[in-house]
Amino acid sequence: MIKIAPSILAANFSKLAEEVKEVEQAGAQLIHIDVMDGHFVPNITMGPIVVEALRPVTKLPLDVHLMIENPDDFIESFAKAGADYITVHVEACPHLHRTIQLIRSFGVKPGVVLNPHTPIESIQHVLEDIDMVLFMTVNPGFGGQKFIHSVIPKIQKLSTIIKEKGLNIEIEIDGGINEDTIIPCAQAGATIFVAGSAIYSKEDRSKALQDIQEAGER
Ligand code: DX5
Ligand code: ZN
């Protein structure tokens, strides 16, 4: 079963609550929140106050993707604001195991994110400690970029390892997902798909979401 996580980065920020409710009604299973600090990535977006504001608006899990330096300094704030998942970039975490433990200490599900060029070997020693691996299929920083196909073998490889070890880890894909690009990722074993522009740029968000989901389940 494929889960769709609309990214509010592509939503209309002047009516964020309505934008979230609309995709919840359309069948979204998570809400993806892209946090950028202008240092780890060349863009600035939102912080814990947005997570806090959205928490009472939806029953869906809030999937907080931290594209920031020194994520340890902000994990408590995002946890208290109501995050259900917090994912951190391997490239930003010199003490990755400690960061994962910190996320879990607040009762939040930890996940790790790999940039397109980062090998899965970088997370092999924390697989038993996490609930999610997020593969970036664009270079993080902006919505609406083109899907990078060379990530697919990595997804396949990790999916095989997860099955062999009998682990319970979601594989999430983020960047350039639409009804075409979801297909090879789903075939490679991914379970959760972030979609920003492919949903929020469409007039009929419900149809857009369902078309992507159906393509992934085919
Ligand atoms: C990129 C973000 C993505 C982005 C996806 O840095 O992590 O979540 O919002 O947007 P689309 O689906 O438009 O590529
Ligand atoms: Zn994201």
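The values are calculated or read from the model by the stated rules, or taken from the named source; none is laboratory data. Treat the numbers as computed from the prediction; the structure is a model and nothing was measured. Glycine gets a Cβ as well: all are built from the backbone with ideal geometry, and neighbour counts include every protein chain shown.
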Restricting segment 116-133 to residues that are in contact (Cβ under 8 Å) with a residue 24 or more places away in the chain and in a helix (DSSP H, G or I), the one nearest to ILE155 (Cα to Cα) turns out to be ILE120
Filtering segment 157-189 for residues that are away from ligand 1 (no atom under 14 Å from the Cβ) and among the hydrophobic types (A, V, I, L, M, F, W, C) leaves a count of 9
When (1) in contact with an Asp or Glu (Cβ under 7 Å, 6 or more places away or on another chain); (2) on the phi > 0 side of the Ramachandran plot are applied to GLY166, the one that fails is (1)
Selection from segment 120-138 of residues of a type outside the set (Val, Ile, Thr) and more than 21 Å from THR181 (Cα to Cα) yields GLU121, SER122, GLN124, HIS125, LEU127, GLU128, ASP129, ASP131
Checked pairs for segment 140-154, first in contact (Cβ under 8 Å) with a residue 60 or more places away in the chain, second more than 14 Å from ligand 2 (Cβ to nearest atom), C-beta under 6 Å and 6 or more apart or across chains, list as GLY141/PRO42
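Pick out the one residue from LYS146, LYS157 that is more than 23 Å from ASN70 (Cα to Cα), of a type in the set (D, E, K, R) and outside any helix (DSSP H, G or I).
Working: LYS157 fails: outside any helix (DSSP H, G or I).
Of LYS146, LYS157, the one residue that is more than 23 Å from ASN70 (Cα to Cα), of a type in the set (D, E, K, R) and outside any helix (DSSP H, G or I) is LYS146.
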Flagged pairs (Cβ under 7 angstrom, 6 or more apart or on separate chains; first in segment 11-38, on the phi > 0 side of the Ramachandran plot; second within 16 Å of ligand 2 (Cβ to nearest atom) and modelled with pLDDT of 95 or more) are GLY38/ILE44
(1) surrounded by 15 or more Cβ atoms within 10 Å (Cβ to Cβ); (2) over 19 Å from ASP131 (Cβ atoms); (3) away from ligand 2 (no atom under 16 Å from the Cβ) all hold for ALA81 apart from (2)
Just one listed residue, out of PHE142, PHE135, is touching a strand residue (DSSP E or B) at 6+ places or on another chain (Cβ under 7 Å), under 22 Å from LEU30 (Cβ atoms) and among the aromatic types (Phe, Trp, Tyr), and it is PHE135
Sole miss for THR137 among (1) in contact with a Phe, Trp or Tyr (Cβ under 6 Å, 6 or more places away or on another chain); (2) without any contact (Cβ under 8 Å) to a residue 40 or more places away in the chain is condition (2)
Restricting segment 105-115 to residues that are in contact (Cβ under 8 Å) with a residue 12 or more places away in the chain and either more than 14 Å from the chain's Cα centre (by Cα) or farther than 15 Å from ILE171 by Cα (or both), the one surrounded by the most Cβ atoms within 10 Å (Cβ to Cβ) turns out to be VAL108
Restricted to segment 42-92 and to residues being closer than 20 Å to ALA5 by Cβ and among the acidic types (Asp, Glu), the residue farthest from the chain's Cα centre (by Cα) is GLU52
Any hit, segment 31-43, residues being within 12 Å of ligand 1 (Cβ to nearest atom) and of a type in the set (Gly, Ala, Ser)
no
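Which one of these is of a type in the set (Lys, Arg) and within 16 Å of ligand 1 (Cβ to nearest atom): LYS154, LYS80, LYS146, LYS109? Quick ask: steps written out before the conclusion?
Working: LYS154 fails: within 16 Å of ligand 1 (Cβ to nearest atom); LYS80 fails: within 16 Å of ligand 1 (Cβ to nearest atom); LYS109 fails: within 16 Å of ligand 1 (Cβ to nearest atom).
Only one candidate passes the filter, namely LYS146.
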- Are any of the residues in segment 118-139 surrounded by fewer than 17 Cβ atoms within 10 Å (Cβ to Cβ) and within 19 Å of ILE33 (Cα to Cα)? yes
Among residues of segment 84-95 being hydrophobic (A, V, I, L, M, F, W, C) and crowded, with 22+ Cβ neighbours inside 10 Å, the residue farthest from ASP63 (Cα to Cα) is VAL88
